[in-house]
Amino acid sequence: MAPSLTRRAPWRPPAALLDALALLLPVACAGCGEPDRGLCDGCRAALAPRPFRAESGSGTAAWAALEYGGTAARVIRAFKEEGRTDAVRPLGAALRHSLAAAVGELDATPREVAVVPSTAAAGRARGYDPVRMLVREAGFAPVDVLRAGARADQAALGREARRVNSRGSFAARRPLTGRRFVLVDDILTTGSTLADAERAIREAGGRVEAIAVLARTRLRITRVRADA
């Protein structure tokens, strides 16, 4: 028997409604800028998930649906940073595959889906929580077990700086004794964020048994020349 997670069915608007909305509220493809549809067929095809094992940073088995680059990176950035919540449907579909791969290695004991939360400041700026929205679109009901503290933007940080920056970033909202989780985030780079979220769950008495992410990216740090 396959392990179970709490599921919910996402609402899917028909293509005719999307076409009508494109006339009333003009849009451009989140991946390439082509007009009149939130995501063109070519960019949608580039988001076809191919789940693979990724290094989590904590030793817990992790699965990613996409490599973060090219079209996938542009669409994810548009979704997270540009308010393009219309991109959640294909991204949520991709996340569903990494979640399926993650739980496929576990026994039949039910698990809950815990998300790595946005900081309060990021949530206010965006007006939504990208990871929670992705999980719901993937067809699962996330549980609210973690609280995120303030931390510096990690985009320009190296591996060790990320680890230090993430340390103590998360705390459990309540005791989690005996509860088992699949932990979900959008992008995995070094694993420092996931490792600290896992620590917070473990210290509250819970257990993370698998990790699923939308995309895995390689750490790339732009170095400034000393004579620049």
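Can you tell me which residue within the stretch 110-123, out of those that are without any contact (Cβ under 8 Å) to a residue 60 or more places away in the chain and closer than 19 Å to residue 77 by Cβ, is surrounded by the fewest Cβ atoms within 10 Å (Cβ to Cβ)? Among those residues, the one meeting the criterion is 121. The set of residues in the stretch 66-76 that are buried (at least 16 other Cβ atoms within 10 Å of the Cβ) and in a helix (DSSP H, G or I) comprises 71, 72, 73, 74, 75, 76.
Looking at 200, 212 in this structure, which one is at pLDDT 95 or above, assigned to a strand (DSSP E or B) and among the small types (Gly, Ala, Ser)?
The conditions single out 212.
Restricting the stretch 77-116 to residues that are part of a helix (DSSP H, G or I) and among the acidic types (Asp, Glu) leaves a set whose member that is farthest from residue 191 (Cα to Cα) is 86.
The rows are residues; the columns are (1) β-branched (Val, Ile, Thr); (2) farther than 20 Å from residue 170 by Cα.
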residue	(1), (2)
94	no, yes
103	yes, yes
106	no, yes
111	no, yes
119	yes, no
125	no, no
130	no, no
139	no, yes
142	no, no
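Within the stretch 124-146, the set of residues being in contact with a Phe, Trp or Tyr (Cβ under 9 Å, 6 or more places away or on another chain), part of a helix (DSSP H, G or I) and surrounded by 22 or more Cβ atoms within 10 Å (Cβ to Cβ) comprises 130, 134.
Listed here are the residues, each with its yes/no results for (1) at pLDDT 95 or above; (2) in contact with an Asp or Glu (Cβ under 9 Å, 6 or more places away or on another chain).
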| residue | (1), (2) |
| --- | --- |
| 81 | no, no |
| 110 | no, no |
| 113 | yes, no |
| 131 | yes, yes |
| 148 | no, no |
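Considered as a group, the residues in the stretch 47-60 that are open to solvent by less than 50 Å² (accessible area, probe 1.4 Å) and not in a loop (DSSP other than H, G, I, E, B) include one that is farthest from residue 198 (Cα to Cα), and that residue is 52.
The values are calculated or read from the model by the stated rules, or taken from the named source; none is laboratory data. Everything numeric in this text was worked out from a predicted model, so none of it was measured. Positions of Cβ are backbone-derived with ideal geometry, glycine not excepted, and every protein chain shown enters the neighbour counts. The accessibility values were calculated without ligands, DNA or RNA, using every heavy atom of the protein model including side chains. Shrake-Rupley method; radii C 1.70, N 1.55, O 1.52, S 1.80 Å.
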